[in-house]
Amino acid sequence: MSSGLPRTVKAVDTSELIRLDTEAIECGLNRNHGAGWLVEFADPAAVHYLWPVLVHRAGHRPESSPHWRCMLLLTVRDGQQVFSLLDVLPASFEDLPETLDAAMKTEVAHRLNCGGLPTQAQWSELNS
């Protein structure tokens, strides 16, 4: 397993996203959505997108270090796409299948970098 950051975007369904979020919570990783948030608010039929952008090292959690901080293009129940972050263990990310073509990866990366997306926290504040 490599600790180098992969240069790819991967698609995940909601159940897989919830599994990854639960793993982040259980490992004590900082970027997660909190127990139950995705179950309540993520669109259950949507595809979401993870893009690793930072190798994060946590000295206080050597068993989970390094891990990858991923930008997340998350579709919530009202159909809106929001920006979020999720910490993912390298092995868990690497186990996700590569299903996107280069054009789709570029489109997702552009949306995350330049799309003017509301954050998950902003969306939560307006919809809670």
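The values are calculated or read from the model by the stated rules, or taken from the named source; none is laboratory data. Fair warning: this is a prediction, and the values are worked out from it, not measured in the lab. Every residue, glycine among them, receives a Cβ derived from its backbone with ideal geometry; neighbour counts consider all protein chains shown.
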*Which listed residue, of 72, 38, 86, 54, is touching an Asp or Glu at 6+ places or on another chain (Cβ under 7 Å) and within 23 Å of residue 114 (Cβ to Cβ)*: 86
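Which residue, of 21, 13, is touching a strand residue (DSSP E or B) at 6+ places or on another chain (Cβ under 9 Å), more than 18 Å from residue 117 (Cβ to Cβ), modelled with pLDDT of 95 or more and crowded, with 16+ Cβ neighbours inside 10 Å? Can you show your working first?
Details: 13 fails: crowded, with 16+ Cβ neighbours inside 10 Å.
Exactly one of 21, 13 is touching a strand residue (DSSP E or B) at 6+ places or on another chain (Cβ under 9 Å), more than 18 Å from residue 117 (Cβ to Cβ), modelled with pLDDT of 95 or more and crowded, with 16+ Cβ neighbours inside 10 Å, namely 21.
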*Which numbered condition residue 55 misses (of (1) in contact with a Gly (Cβ under 9 Å, 6 or more places away or on another chain); (2) of a type outside the set (Gly, Ala, Ser); (3) surrounded by 20 or more Cβ atoms within 10 Å (Cβ to Cβ))*: (3)
*Long-range neighbours under 8 Å by Cβ, at least six apart or interchain, first residue closer than 13 Å to residue 67 by Cα within segment 25-36, second in a loop (DSSP other than H, G, I, E, B) and of a type in the set (D, E, K, R)*: 27/61; 28/61; 29/61
_Go through (1) in contact with a Ser or Thr (Cβ under 6 Å, 6 or more places away or on another chain); (2) among the charged types (D, E, K, R); (3) surrounded by fewer than 14 Cβ atoms within 10 Å (Cβ to Cβ); (4) at pLDDT 95 or above for residue 43 and report which single condition fails._
(3)
*Residues in segment 119-128: is at least one more than 20 Å from residue 10 (Cα to Cα), touching a Ser or Thr at 6+ places or on another chain (Cβ under 6 Å) and not β-branched (Val, Ile, Thr)?*
no
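Report, by residue number, each residue of segment 94-117 that is in contact with a helix residue (DSSP H, G or I) (Cβ under 8 Å, 6 or more places away or on another chain), over 10 Å from residue 9 (Cβ atoms) and either in contact (Cβ under 8 Å) with a residue 60 or more places away in the chain or of a type in the set (Ser, Thr, Tyr) (or both). I'd like the intermediate steps shown before the answer.
The initial filter retains those residues of segment 94-117 that are in contact with a helix residue (DSSP H, G or I) (Cβ under 8 Å, 6 or more places away or on another chain), namely 96, 100, 117.
Keeping just the survivors that are over 10 Å from residue 9 (Cβ atoms) gives 96, 117.
Residue satisfying the conditions is 96 alone.
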_Conditions (1) more than 21 Å from residue 77 (Cα to Cα); (2) β-branched (Val, Ile, Thr); (3) under 12 Å from the mean Cα position of the chain (by Cα): number failed by residue 25_ = (3)
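Being small (Gly, Ala, Ser), touching a residue at least 40 places away in the same chain (Cβ under 8 Å) and surrounded by fewer than 17 Cβ atoms within 10 Å (Cβ to Cβ) narrows it down to one residue among 91, 121; which is it? Show your work before the answer.
On the way: 121 fails: touching a residue at least 40 places away in the same chain (Cβ under 8 Å).
Of the residues listed, the single one that is small (Gly, Ala, Ser), touching a residue at least 40 places away in the same chain (Cβ under 8 Å) and surrounded by fewer than 17 Cβ atoms within 10 Å (Cβ to Cβ) is 91.
Listed residues 91, 109, 35; which is under 16 Å from the mean Cα position of the chain (by Cα) and either over 21 Å from residue 7 (Cβ atoms) or in a loop (DSSP other than H, G, I, E, B) (or both)?
35 is the lone residue from the list that is under 16 Å from the mean Cα position of the chain (by Cα) and either over 21 Å from residue 7 (Cβ atoms) or in a loop (DSSP other than H, G, I, E, B) (or both).
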